[in-house]
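Below: one structure in structure tokens.
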């Protein structure tokens, strides 16, 4: 289709010559990564300070203390519960594990024991990295106690501690955010602008089929999304030693699905906005809550429960979640299948709405 | 072929309570330059858009090159050239790039290549300039070039010289005259009287969504004015304004502040009477001149308004 290809190439040239658009689409997300990398790399520790209050002193408790001590990623400090909790409040310790009195005795009798783990929930690293490590260690010990064969030894713990730094969390999140920007700022606003200036009307005076025009517009944005992915991933790998763990196929799949969904959302916004002022306003109103409530800057588990319906309603949440899982194998809040399904559903609904309500003039 | 290039019957288009086009009918013969003359808001652009297939009439129909534009828009659009009033284009493409791009919109139709068009419209030296860096006149030329890509049989030009300096306007008139010579039918809209008079074979005078007169420019003037007009400035504000009406030959008078227009069937006698009046009262009329009546006078007579409000 020569017409489609010419339109596609022409709009690529148009984009490539638009310095502002290039900045916001490509340079800005990269700057974001450098910003976060700088802020957090100083405090991106390889070990985490954990307090252990052994109130029991029995053989089982000593065994647990020893197991914790063997984990390279944990720096254990012992003391009384009160001392150690004070240190958590002061920020010297991330977590305090309390082994209550009577633990060893209960375990010997096969009775379950509650092991309190105190931590500061506002600290993202603690909740997303340290706690899982502790849980894994405790699980391993638990299995050992119940007599199940200890097949899983040190390996799983070291994967978690080596692979997941703050930057590993941010890069997929920022890619998700950048893809959303393409849908909002990169689609809705330019299209309303072209419509307002009657460029689209001029095209409508020629035999150019509307579908061809639409296809070329969408193809342009999908291309930009892929370029963003390559760029951000490249920066992450080269500068921050990001380990790309998941499959490239799954990554491309989610990038394209997420981009297609955000583009269709962009068309919905363009459909309901009459003027450039209203489209800029609407995209800004949508942009900021989506960015902050979708787990890109801090995990959604930390957001108060009453906001959780809002979080689940935001498509960016699922895109960020999927990219994190696929790129760095981070624990996900939803399954990949759920993520894909939600994004696909949003894509379908937005497409239907646009088809019904979008006007070229 | 004998059929008309455009046949419009009873076109109507309403926006809420505004009657933008209120029952317009006309025919444009092939090879003709047909003009729609009227002030802003008269309904010219809306009418043109209905012929181009960019707007659907609320009632009435229009056939373009024998085709119903609402039923077969693609066929019509392949054979017409359109220049819109606003000349917005992709801002960061060069002149050549946008000509090449638009050419791909007409697959299977014979079309001009970009070199030919740039030479034709004098845009060669701007070949590599981004469209956003073109001057007003250059943009107009480019939009005409775009309208010519598909070698159209019928060209729609909506206010082709608005906003152009006098030189650029003259150049555009030459382009339109060349189009006529090559046999292209031209439908243009304008609010410039001189444009309609010097370019158009026939003119439809429109106001408030209706055609109030339609004929050749000369016929329109002759029908409504067998007179000439004498104009001058009356700086002393003669109290007897009725005095002018009694001058020999005068049929109507019009005063616009200090500016007086006398319509007369016998300019010589009126001038004699004016000189006598001036001598008698020892007054001097400033900036006196005599001219033929124009389409502007026709419009003024029919609507009481000027073309440029």
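The values are calculated or read from the model by the stated rules, or taken from the named source; none is laboratory data. As the structure is a prediction and not an experimental result, all values here were calculated from the model. Because the Cβ atoms are built from the backbone with ideal geometry, glycine has one as well, and the counts that use them run over all protein chains shown.
Check region B:115-137 and report whether any residue there is in contact with a strand residue (DSSP E or B) (Cβ under 9 Å, 6 or more places away or on another chain) and either without any contact (Cβ under 8 Å) to a residue 24 or more places away in the chain or within 11 Å of chain A (Cβ to nearest Cβ) (or both).
Yes.
As an exercise: evaluate residue A:186 against (1) modelled with pLDDT of 90 or more; (2) assigned to a helix (DSSP H, G or I) and give the number of the one condition it does not meet.
(1) is the only condition that residue A:186 fails.
Per-residue answers, yes or no, for (1) more than 11 Å from chain A (Cβ to nearest Cβ); (2) in a strand (DSSP E or B):
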residue	(1), (2)
B:63	yes, yes
B:70	yes, no
B:75	no, no
B:78	no, no
B:85	no, no
B:92	no, no
B:97	no, no
B:107	no, no
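Residues that are more than 19 Å from the chain's Cα centre (by Cα) and at pLDDT below 65: does region A:123-145 have at least one? Spell out how you get there, then give the answer.
Applying the first criterion (more than 19 Å from the chain's Cα centre (by Cα)) to region A:123-145 yields A:133-145.
Narrowing the set further to residues that are at pLDDT below 65 leaves A:145.
So far as region A:123-145 goes, yes, one or more of its residues are more than 19 Å from the chain's Cα centre (by Cα) and at pLDDT below 65.
Quick one: in region A:1-27, of everything that is surrounded by 14 or more Cβ atoms within 10 Å (Cβ to Cβ) and out of contact with any helix residue (DSSP H, G or I) (no Cβ under 8 Å at 6 or more places or on another chain), which residue is farthest from the other protein chains (Cβ to nearest Cβ)? Spell out the reasoning first.
Step one: filter region A:1-27 for residues surrounded by 14 or more Cβ atoms within 10 Å (Cβ to Cβ), giving A:3-4, A:6-15, A:17-18, A:21-22, A:24-26.
In the following step, the residues that additionally are out of contact with any helix residue (DSSP H, G or I) (no Cβ under 8 Å at 6 or more places or on another chain) were identified as A:9, A:14, A:17-18.
Working: A:9: 9, A:14: 5, A:17: 4, A:18: 6 Å.
Filtering first and then ranking leaves A:9.
Can you spot a residue in region B:165-176 that is within 12 Å of residue B:33 (Cα to Cα) and either outside the structural domain of residue B:288 (by TED's automatic domain parsing) or buried (at least 16 other Cβ atoms within 10 Å of the Cβ) (or both)? Working first, answer last.
Kept after step one, since they are within 12 Å of residue B:33 (Cα to Cα), are these residues of region B:165-176: B:173, B:176.
Filter once more, keeping what is either outside the structural domain of residue B:288 (by TED's automatic domain parsing) or buried (at least 16 other Cβ atoms within 10 Å of the Cβ) (or both): B:173, B:176.
Yes, region B:165-176 contains a residue that is within 12 Å of residue B:33 (Cα to Cα) and either outside the structural domain of residue B:288 (by TED's automatic domain parsing) or buried (at least 16 other Cβ atoms within 10 Å of the Cβ) (or both).
Here's a follow-up. Check residue B:155 against each of (1) touching a helix residue (DSSP H, G or I) at 6+ places or on another chain (Cβ under 7 Å); (2) within 14 Å of chain A (Cβ to nearest Cβ); (3) more than 26 Å from residue B:44 (Cα to Cα) and name the one condition it does not meet.
That leaves (3) as the condition not met.
Report whether or not residue B:42 is assigned to a loop (DSSP other than H, G, I, E, B) and modelled with pLDDT under 95.
yes
Considering each residue of region A:200-217, count those that are more than 11 Å from chain B (Cβ to nearest Cβ) and either without any contact (Cβ under 8 Å) to a residue 60 or more places away in the chain or buried (at least 19 other Cβ atoms within 10 Å of the Cβ) (or both), and give that number.
3
Name the residue, out of B:71, B:124, that is in contact with a helix residue (DSSP H, G or I) (Cβ under 7 Å, 6 or more places away or on another chain) and either surrounded by fewer than 21 Cβ atoms within 10 Å (Cβ to Cβ) or not assigned by TED's automatic domain parsing to the domain that holds residue B:158 (or both).
Going through B:71, B:124 in turn, just one is in contact with a helix residue (DSSP H, G or I) (Cβ under 7 Å, 6 or more places away or on another chain) and either surrounded by fewer than 21 Cβ atoms within 10 Å (Cβ to Cβ) or not assigned by TED's automatic domain parsing to the domain that holds residue B:158 (or both): B:124.
Yes or no: region A:157-178 includes at least one residue that is farther than 19 Å from residue A:244 by Cβ and either modelled with pLDDT under 65 or outside any helix (DSSP H, G or I) (or both).
Residues of region A:157-178 that are farther than 19 Å from residue A:244 by Cβ, as a first pass: A:157.
Next, from what is left, pick out any that are either modelled with pLDDT under 65 or outside any helix (DSSP H, G or I) (or both): A:157.
Looking for residues that are farther than 19 Å from residue A:244 by Cβ and either modelled with pLDDT under 65 or outside any helix (DSSP H, G or I) (or both), one finds at least one in region A:157-178, hence yes.
Give A:288, A:297 a once-over and let me know the one that is in a loop (DSSP other than H, G, I, E, B) and surrounded by fewer than 22 Cβ atoms within 10 Å (Cβ to Cβ).
It is A:297.
I would also like to ask the following. Has region A:262-284 got at least one residue that is closer than 12 Å to residue A:184 by Cα and surrounded by fewer than 16 Cβ atoms within 10 Å (Cβ to Cβ)? Walk me through how you get there before you give the answer.
Of region A:262-284, the ones closer than 12 Å to residue A:184 by Cα are A:262-270, A:279-284.
Now narrow it down to the ones that are surrounded by fewer than 16 Cβ atoms within 10 Å (Cβ to Cβ): A:281, A:284.
Yes; the residues of region A:262-284 include at least one that is closer than 12 Å to residue A:184 by Cα and surrounded by fewer than 16 Cβ atoms within 10 Å (Cβ to Cβ).
Mind listing whichever residues of region B:177-186 are more than 18 Å from residue B:36 (Cα to Cα) and in contact with a strand residue (DSSP E or B) (Cβ under 6 Å, 6 or more places away or on another chain)? It would help to see each step written out before you state the result.
So in region B:177-186, the residues more than 18 Å from residue B:36 (Cα to Cα) come out as B:178, B:181-183.
Selection gives nothing.
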